[in-house]
1. Could you figure out which of (1) touching a helix residue (DSSP H, G or I) at 6+ places or on another chain (Cβ under 9 Å); (2) open to solvent by 20 Å² or more (accessible area, probe 1.4 Å); (3) not in a loop (DSSP other than H, G, I, E, B) isn't true of residue 36?
2. Can you tell me which residues in the range 41-64 are open to solvent by 20 Å² or more (accessible area, probe 1.4 Å) and in contact with a Lys or Arg (Cβ under 7 Å, 6 or more places away or on another chain)?
3. Mind checking which residues of the range 69-90 are modelled with pLDDT of 95 or more, open to solvent by less than 40 Å² (accessible area, probe 1.4 Å) and touching a helix residue (DSSP H, G or I) at 6+ places or on another chain (Cβ under 7 Å)?
4. Any chance you could count how many residues in the range 91-107 are open to solvent by less than 70 Å² (accessible area, probe 1.4 Å) and at pLDDT below 95?
5. Anything in the range 128-160 that is of a type in the set (A, V, I, L, M, F, W, C), touching a residue at least 24 places away in the same chain (Cβ under 8 Å) and part of a helix (DSSP H, G or I)? List them, or say none.
6. All but one of (1) within 18 Å of residue 125 (Cα to Cα); (2) modelled with pLDDT of 95 or more; (3) open to solvent by 10 Å² or more (accessible area, probe 1.4 Å) hold for residue 12; state the number of the condition that does not hold.
7. Name the residue, out of 132, 124, that is open to solvent by 50 Å² or more (accessible area, probe 1.4 Å) and at pLDDT 95 or above.
Amino acid sequence: MDFVKTIGLVAHDNRKQDLIEWVRWNYKTLIQHRLVCTGTTGKLVQRTIEELMEPGDRQAHPIVQLKSGPLGGDQQMGAMIAEGKIDILIFLWDPMEPQPHDVDVKALLRIAVLYNIPVANNRSTADFIISSPLFYQRYEPVRKDYSVYLRRSIPGVDARGGAS
């Protein structure tokens with residue numbers, strides 16, 4: 001993780017206002033980093049930052065807007081995590097509302113844990129992450145070595161990946 005972080009921002013509908021309030025509070029810090037957002041969340045974050053920008057403020061990187069979560073945005077974010085392109089995930093999900101794409105939500109959270117990136121699922125944790133001294137320096141998370149898993153023997157498949 002470099003000094004400039006790539007931060008994934010995701011919020012379910014009932015939590016978008018919480019995320020926007022958090023962005024308002026932290027926009028001076030956030031504009032120095034790369035932001036990747038799903039669907040509507042990205043539009044709201046972009047509009048909020050543009051409203052708050054003062055003369056002399058400069059957004060270092062354009063906000064990347066993925067698809068809406070139910071239309072594949074959660075999976076796009078997960079793929080970016082797996083490719084090492086997301087350093088931190090702020091995902092304010094709604095624990096009180098069933099989601100039509102719950103399996104995608106679970107998959108995104110699983111990938112974030114698998115690749116050992118910091119994840120906030122509520123504003124308090126997001127506050128802790130952005131206020132940590134580690135946020136402002138180079139940081140290399142410990143990554144589990146999955147090479148044994150990748151080399152495992154699978155019954156009925158030879159070492160080259162073909163059927164035996």
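The values are calculated or read from the model by the stated rules, or taken from the named source; none is laboratory data. Owing to the predicted nature of the structure, the values given are computational and were not obtained by experimental measurement. Ideal geometry is used to build each Cβ from the backbone, glycine not excepted, and the neighbour counts take in all protein chains shown. Each accessible area value is taken on the protein alone, full model and side chains, heavy atoms only, with ligands, DNA and RNA left out. Shrake-Rupley method; radii C 1.70, N 1.55, O 1.52, S 1.80 Å.
1. (2)
2. Those that are open to solvent by 20 Å² or more (accessible area, probe 1.4 Å) and in contact with a Lys or Arg (Cβ under 7 Å, 6 or more places away or on another chain): 44, 52, 61.
3. 77, 78, 81, 86, 88, 89, 90
4. To start, the set of residues in the range 91-107 that are open to solvent by less than 70 Å² (accessible area, probe 1.4 Å) comprises 91-92, 94, 99, 101, 104-105, 107.
Cutting the leftovers down to at pLDDT below 95 gives us 94, 99, 101, 104-105, 107.
Going through the range 91-107 one residue at a time, the tally reaches 6.
5. If we filter the range 128-160 for residues that are of a type in the set (A, V, I, L, M, F, W, C), which is where we start, we get 128-130, 134-135, 142, 148, 150, 154, 157, 159.
Applying the additional criterion that residues be touching a residue at least 24 places away in the same chain (Cβ under 8 Å) yields 129-130, 135, 142.
Answer for the range 128-160, where residues must be of a type in the set (A, V, I, L, M, F, W, C), touching a residue at least 24 places away in the same chain (Cβ under 8 Å) and part of a helix (DSSP H, G or I): 129, 130, 135.
6. (2)
7. Working: 132 fails: open to solvent by 50 Å² or more (accessible area, probe 1.4 Å).
Answer to the selection: 124.
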